[in-house]
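Working notes, beginning with the structure itself.
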Amino acid sequence: MLYSKKVMDHFTHPRNVGVIENPDGVGEVGNAKCGDIMRIYLKIDHDTISDVKFETFGCGSAIASSSMATEMIKGKPLSEALELTNKAVAEALDGLPAHKMHCSVLAEEAIKAAIQNYYEKNGIAYDAGQFPDCESCSHCASCDKSGN
Ligand code: FES
């Protein structure tokens, strides 16, 4: 089978779909490879993600990845959420086909963008090196513009 049971489960019954009114942070990213879009909303209490919702205009793998990624960061400190990688999301889904790995990058980048938005809105100093600067890089560890 092309997709694992977990991918099918999170695709057909995605967790945390929707919008948070008055979010503390919002991140929206587009996938350079396919043009799909993901938006993540965060509620943050004392540096901990108390709630998270997502909207994805993307494929089944992107929906499953977003669903799993939001489950993995809910209730976690921001420092831990910032360490989430698309590879960890794919592993938690029991794998994605190689040509679908790029779909899981959306979730990682959208979470990082939402946390960055929270820091900026609240004037909180942060290490810019923790956030991908996709405009000026040709490749990075989490984004595989060069490959999948
Ligand atoms: Fe675009 Fe999967 S094909 S996110």
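The values are calculated or read from the model by the stated rules, or taken from the named source; none is laboratory data. Keep in mind that what you see is a predicted model, and the values were worked out from it rather than measured. Note that each Cβ is placed from the backbone with ideal geometry, even for glycine, and that neighbours are counted across all protein chains shown. Keep in mind that these areas ignore ligands, DNA and RNA; they rest on the heavy atoms of the full protein, side chains included. Shrake-Rupley method; radii C 1.70, N 1.55, O 1.52, S 1.80 Å.
What chymotrypsin sites (Phe, Trp or Tyr not before Pro) does region 74-131 have in DSSP loop regions with at most 14 other beta carbons within 10 Å?
Those satisfying the criteria are Y126.
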Fill in: Estimated [θ] at 222 nm from DSSP helical runs (n ≥ 4, -39500 (n - 2.57)) normalised by residues in the chain, nearest 500
-11000 deg cm²/dmol
Worksheet item: Which net charge results for the neighbourhood of V52, defined as the other residues with beta-carbon distances under 11 angstrom from its beta-carbon, given Lys and Arg at +1 and Asp and Glu at -1?
Response: +2
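With a ≥ b ≥ c taken as the square roots of the eigenvalues of the C-alpha gyration tensor of region 1-81, please select rounded if a/c is under 1.5 and otherwise prolate if a/b is larger than b/c or oblate if it is not?
prolate
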Discussion item. How large a share of the accessible area of the chain, in percent, is made up of carbon and sulfur atoms when the probe is 1.4 Å and the other protein chains stay in place?
Written reply: 51 percent
Worksheet item: Relative contact order for the chain using alpha-carbon pairs under 8 Å, separation at least 6, rounded to a whole percent?
Response: 27 percent
Fill in: Two-decimal ratio, the chain, of alpha-carbon radius of gyration to 2.2 N^0.38 Å
0.97
Item to complete: Calculate the spin-label point distance for C59 paired with T12, positioning each point 7 Å from the Cα along the beta-carbon direction, and give it in nanometres.
Response: 2.0 nm
Worksheet item: Given charges of +1 on the Cβ of Lys and Arg and -1 on the Cβ of Asp and Glu, with all other atoms neutral, how large is the dipole of the chain about its Cα centre, in debye to the nearest 20?
Response: 440 debye
Practice prompt. Hey, can you find the accessible area per residue of the chain for me, probe 1.4 Å, expressed in square angstrom?
Written response: 50 Å²
Practice prompt. Would you list, by chain and number, the lysines whose Cα falls below 28 Å from the Cα of K76, excluding same-chain residues fewer than 8 positions away?
Written response: K5, K6, K43, K53, K87, K100, K112, K121
